[in-house]
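A short worksheet on the structure shown next.
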Amino acid sequence: MKSSMPCAGEVYNKAMLLIASLLVAGSIFLPYWKIHIIAPQYPKGLNVYIHVVGARGDVREVDGLNHYIGMRPLGEAAPFERKIAVPGLSLVALTLVLAAFVRRPRWLSWLLIVPVIAVLFVFPADLYFWLREFGLNLDPKAPLSAMVKPFVPPIFGPGKIAQFGVESWPTLGYLAVILASGLAITAQRRRTLCERLRMQSFITEKSVEAEPNRAHPTIAMSR
């Protein structure tokens, strides 16, 4: 049937999905989030970059500051998530490769891009959970525990913790996943639209072909 034939732009759809797969795979090596901290003893600020496998950057200095207010070291956060991050994102990249070559059934084609979209929500939600967990469970025996009340560090935008200024924003790795999700959704929407148009065209063609058959009995009676 003509409606089962691939669309003329299917090569672009496949390309977008394959590029999305590469973006997700590449995001494994990039920071997903950046936390910038300004402290009196560090006027230029400290930067912590959150990767899917752990924190990088000025981690030692930040842990030193956190020690005084009773916050646990950053390396203790998300132990399970860090273990499954690389295989998990690799699986997400693989599902996008499969989506590039699976057009039907349509529900399966859409289902294969759900994991990359889920990453957009799961990562910041998990980051917020651990920031909240660390900020609300301070060690009461810490040197400055009496001066700092439990807090929740900001996950988006600027904030303030005691005398420290804090800014938190998504960065390259997360932006790569946003782009990958956009490409995947665009490719699938193009497929859906094309299939609808082809089906409408197929139905119209069948209707036109049926017209002479409907007229035939009348012609026979006139004879």
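Bear in mind these aren't lab numbers, they're just calculated from the coordinates by the rules spelled out. As the structure is a prediction and not an experimental result, all values here were calculated from the model. Note that each Cβ is placed from the backbone with ideal geometry, even for glycine, and that neighbours are counted across all protein chains shown.
May I ask you to order 154-164, 96-106 by the average number of other C-beta atoms within 10 Å around their residues, highest value first?
Working: 154-164: 14.4, 96-106: 16.9.
Sorting 154-164, 96-106 by mean packing, highest first, produces 96-106, 154-164.
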Work out how much length GLU61 to TYR42 would gain on full extension: take 0.36 nm times their residue separation and subtract the Cα-Cα distance, in nm to one decimal.
-> 5.9 nm
R0 of 41 Å, Cβ-Cβ distance GLU10-LEU175: FRET efficiency to nearest 0.05 | 0.90
Within segment 158-182: backbone nitrogen closer than 15 Å to the TYR128 label point (7 Å, Cα to C-beta) = 158, 168-170
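Taking 0.36 nm per residue of sequence separation and subtracting the Cα-Cα distance, how much length would be gained by fully extending the chain between PHE29 and LEU98, in nm to one decimal?
Numbers: separation 69, 0.36 × 69 = 24.84 nm, distance 2.24 nm.
Answer, rounded to one decimal: 22.6 nm.
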A chain fully extended from SER90 to ARG190 at 0.36 nm per residue, minus the present Cα-Cα distance, gains in nm 33.5 nm
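Using Cβ contacts closer than 10 Å as the measure, can you line up MET71, MET147 from fewest to most?
Details: MET71 24, MET147 11.
By the 10 Å Cβ count, ascending, the order reads MET147, MET71.
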Would you please calculate the Kirkwood hydrodynamic radius of segment 1-116 over all C-alpha pairs and express it in Å, rounded to one decimal?
-> 17.2 Å
